[in-house]
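Here's the structure, in structure tokens; my notes come after.
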Amino acid sequence: MDRLPQELVIDILSRLPIATIMQSKSVNRAWRILIRNQVFVNMHFKRMVENEPSFILQIRDQPIQNQLYFGDFSSHPNDRNVTIITKKLTMLPLLTNFHLVSSCNGLLCLRGTHRSLGLICIYNPFTRDSIELPKLIAKAPSHQVGVLGFGLDATTNKYKVVEVSYKRIYRASPSHVVRPVNRLAPQIIAPSSIDSEVHILTVGNGSPTRRNLGSFPFHFVCQKSQVLVNGKLHWISYPRGSKAYIAIMSFDLGNEQFKEVPRPDCISSDRQFHELVVLRGCLSAVCFDYDNEELEIWVMKEYDVKESWVKQFSIGTYLPKILQPDERESLNSSMFYMPKTCMRVLCQLRSGGILLEYKIKALFVYDPHCRTFQNFQLTFEGIPRCFTLAVHVASLNWIDTFIEAP
């Protein structure tokens, strides 16, 4: 291939699976340089995006706690059958306990737990590049970490980690004093309000920098998956913690401003606003219709335009095969009652099917054309009962290429 034009070599290699490309680094020095070329990295990532969605799955149960797996979907263009291939990933030695926060451009954002509490790492599980970031907030009893977001600021080509923490405000008024049953015990002053503080950490062009953007009068709902659309992070939020009004708030990674996004009509008294997701690049809202016992998926076809919200999917009652009771057990047992609010929408496949997670234990696909379901049996080392999943596009992004000094 030495005689071929570099443009043609890049085009050929960009079509290969990422594992094969990583193995090709050992061919010669020229190939190692080529694989780190940003033009090649971008072309390969663009092709990966066009494939079926893939995901990173974190096992949260013994005996393989805190192990990451890469799941790749494979489907035949002539039928709707989908299979999942899982691959065990190499772990970072510095993070023995962590939580999978999100994924962006092939990079994972991991937050330490237990002994690693407060530690944040950016990690590419395929290139095995990583960077440890400074803590966003000082460790204090009055602060509670709320939500964490991670994404790329396309205007500067820098990555940003956004953390919203909640500071409990204590006021010694009679309504906020908890009086113990034992008169000799001290009185406890309960928090009268919770103020949110927004911290941001920028990664790129040298050492990471952190800033405090000040307080914000909304309380964000912690989500299981990150919602990044149009360069903006999105959360469900309540003004000052009040659930009387539900809002969708966005945070622009470019200008670092919050803005309320128009809500869909599904946010009403007879529907429970379940979560926000991204379906084929569009901001989507998931609601539960109690009257019809259906999970509804509303899609914003044109960003920031209220009239473009449409109800695109309605999913009826279903219990995944892996969670169905044994024939010897009673179907009326309360342990098998699975409300739709336990169902989580993950992404949409090229076939149009919707990938769903049920009670963090099972994965299955809903076919909206046939209104049928397909179960997946995931095989790992051990029999996990609990996992965390993030939609992920594998990439060759090399972390040291965007943290080098300008």
Rounded, prolate or oblate (a/c below 1.5 giving rounded, otherwise prolate when a/b exceeds b/c) for segment 16-62 by Cα gyration tensor: oblate
Anisotropy class of segment 250-305 from Cα gyration tensor, a/c 1.5 cut: prolate
Listed pairs Lys135/Lys306; Lys87/Lys361; Lys135/Lys259; Lys46/Lys359 exceeding 29 Å between Cα atoms: Lys135/Lys306; Lys46/Lys359
Within segment 349-378, backbone nitrogen closer than 16 Å to the virtual label 7 Å beyond the Cα of Glu52 toward Cβ: 349-357, 363-368, 373-378
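Quick note: the coordinates plus some simple rules give every number you see, no bench work behind them. Since we're looking at a predicted model, the values are computed, not measured. When we count neighbours, we look across all protein chains shown, and the Cβ atoms used for this are built from the backbone with ideal geometry, even at glycine.
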